[in-house]
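No lab work stands behind these numbers, since they all come straight from the coordinates. Model, not experiment: these values are computed from the prediction. Cβ atoms come from the backbone with ideal geometry, glycine included; neighbour counts cover every protein chain shown.
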Amino acid sequence: MKKIALALSLMTAAFLACDPAPVEEPAVYDPTLLSLNLRDFPDPDFPADNKPTVQGVMLGRMLFYEKLLSKDGSQACADCHRQADGFSDSLQFSIGVEKLKGKRQAMPVMNLAWHKNGMFWDGRSALARDQALKPIQDPLEMNESLANVVAKLSAEKKYTDQFIRAFGDPAVTAERIALAIEQFEFTMISNNSKYDQFKRGELALSSSEERGRQLFFTEFDPSGVKKGAECFHCHATFNFTNDEYMNNGLDADAEQKDEGRMKVTLDAADKAKFKTPTLRNIARTAPYMHDGRFQTLEQVVDFYNTGVKPSSTVEFLMQYNLQPGGLGLSAQDKADLVAFLKTLTDNEFLSNPAFKSPF
Ligand code: HEC
Ligand code: HEC
């Protein structure tokens with residue numbers, strides 16, 4: 001007892017001896033670039049005016065998790081783009097601050113540094129920085145004005161300080177908010193899935209995963225000698241997307257409820273075309289497609305096997321899916337494809353502390 005009392009009084013003495021309040025370092029501009037672990041991914045070729053810096057990325061991360069961006073302070077970007085769900089939403093249609101349902105499934109936010117052909121399912125924003133201000137103002141999402149967001153953030157020292165560190169002065173502007181969010185998104189890189197490790201020769205795939213990989217990367221063979229599922233034509237490159245707007249045959253003309261890319265280009269040839277999504281972390285980003293119609297990867301593979309529908313804009317690449325009997329995948333083939341898709345899960349990315357809330 002005596003010892004504890006002595007220790008306590010020593011601690012109090014030590015505490016009293018300290019300065020009354022720790023003097024906080026004034027915030028200073030710090031343009032140090034953030035070094036990223038690209039592993040075997042190509043150079044993302046960041047825009048010259050917005051290369052990710054340590055402090056810019058920190059600001060973007062704060063903003064991504066900042067509920068003040070929404071009208072009633074109840075919603076942050078991260079509420080619809082959750083890390084455990086591959087930075088997407090497990091709801092078919094996200095719910096905004098007014099408790100209204102959105103019209104499309106939330107897209108995963110990952111590897112956007114390599115998306116060079118527009119953002120959103122219909123590509124209505126050219127760059128990530130243009131995209132970043134849209135959900136704030138969208139009445140079905142955060143429903144807030146940029147002027148209010150600027151005012152709210154300007155009133156917080158933690159933000160004016162962080163704007164100094166990132167941009168050199170405390171001015172909070174919509175443009176800087178957009179640039180900082182873009183920087184943070186540039187760093188959200190998923191490149192260490194089981195498949196990546198396999199590609200780098202660090203491990204082997206199971207025999208089912210390997211058969212699925214072959215199916216994924218093989219063309220359909222009309223002679224029936226070799227099986228192929230044709231997926232790689234559209235889900236192409238290291239990022240499993242060709243970065244194009246396509247119609248993979250979800251609906252016949254009369255059933256199409258969403259005009260997709262046509263809303264942006266006003267070209268009837270783009271009707272029902274949507275951005276080919278990456279398949280990275282796909283096992284974690286259910287539900288699937290722009291309208292979240294499929295709950296499972298098994299349903300997706302069944303769709304590609306025998307469910308593709310003809311329409312005026314369906315891709316020519318779907319010609320074999322459209323023939324009677326479709327791709328002719330057996331139950332085993334389908335299970336193998338799903339097993340392969342699951343190798344794209346990157347647990348390091350999904351739990352990386354650098355992408356968690358900084359608060
Ligand atoms: C209410 C839910 C919700 C909120 C809040 C939200 N998003 Fe989204 N996000 C979506 C939906 C839904 C889509 C797809 C919409 C579409 O394509 O029309 C999307 C699409 C995106 C995309 C496009 C990805 C791609 O591959 O093209 C990015 C990037 C993104 N959101 C980032 C953000 C950021 C940054 C914020 C915060 C400023 C945010 N989102 C807030 C639901 C939300
Ligand atoms: C002609 C191009 C094309 C081919 C071939 C193709 N896909 Fe797709 N895929 C797309 C497009 C476009 C979408 C988004 C469609 C939409 O939502 O309207 C998509 C969506 C998906 C999704 C849902 C992604 C998400 O985030 O919601 C999965 C999973 C998928 N494809 C897997 C496959 C597999 C497996 C194959 C091979 C059997 C395949 N795809 C073949 C173009 C293609």
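Structural remarks
- Contact order, relative form, for the chain: 19 percent (alpha carbon pairs under 8 Å, 6 or more residues apart, mean separation divided by residue count).
- Charged-residue dipole, Cβ positions (Lys, Arg, Asp, Glu), the range 153-232 about Cα centre, Debye nearest 20: 260
- Rounded, prolate or oblate (a/c below 1.5 giving rounded, otherwise prolate when a/b exceeds b/c) for the chain by Cα gyration tensor: prolate
- Which of F186, F216 has the fewest Cβ neighbours within 10 Å, and the rest in rising order: F216, F186
- Amide H contacts of T53: L34, each under 5 Å away and 5 or more positions distant or on a separate chain (H built 1.01 Å from N in the peptide plane; Pro and chain starts excluded).
- Taking a ≥ b ≥ c as the square roots of the eigenvalues of the alpha carbon gyration tensor, the range 277-357 is prolate, as a/c is not under 1.5 and a/b beats b/c.
- All C-alpha to C-alpha distances of the range 194-343, sorted into 10 Å bins beginning at zero, yield P(r) values of 11, 40, 35, 12, 2 percent in whole numbers.
- Student exercise, the range 94-247 dipole from Lys, Arg, Asp, Glu Cβ charges, in Debye to nearest 20: 260
- Packing-based exposure ordering (other Cβ within 10 Å, fewest first) of Y245, Y65: Y65, Y245
- Where only DSSP H runs of four or more residues are counted, the chain gives -9000 deg cm²/dmol as its mean residue ellipticity at 222 nm, each run worth -39500 (n - 2.57).
- Residue ranges 75-82, 122-129, 272-279, 197-204 sort as 272-279, 75-82, 122-129, 197-204 when ordered by packing (mean number of other C-beta atoms within 10 Å per residue, highest first).
- Given charges at beta-carbon only (K, R positive; D, E negative), |dipole| of the chain in Debye: 780
- Take every pair of alpha-carbon atoms less than 8 Å apart whose residues are at least six positions apart; their mean separation over the length of the range 148-188 yields a relative contact order of 28 percent.
- Built from the Cα atoms of the range 54-190, the convex hull projects on average onto 7.7 nm², one quarter of its surface area.
- Comparing Cα centroids, the range 268-313 and the range 183-213 end up 22 angstrom apart.
- Shape of the range 99-153, Cα gyration tensor, a/c cut at 1.5: oblate
- Cross-link table K275/K356; K263/K334; K226/K334; K99/K271, entries beyond 24 Å C-alpha to C-alpha: K275/K356; K263/K334; K99/K271
- Which of E175, E209 has the fewest Cβ neighbours within 10 Å, and the rest in rising order: E175, E209
- Pairs of Cα atoms nearer than 8 Å and 6+ residues apart set the relative contact order; for the range 54-190 it is 31 percent.
- Other residues with beta-carbon under 9 Å from the beta-carbon of E209 carry, at +1 per Lys or Arg and -1 per Asp or Glu, a net charge of +2.
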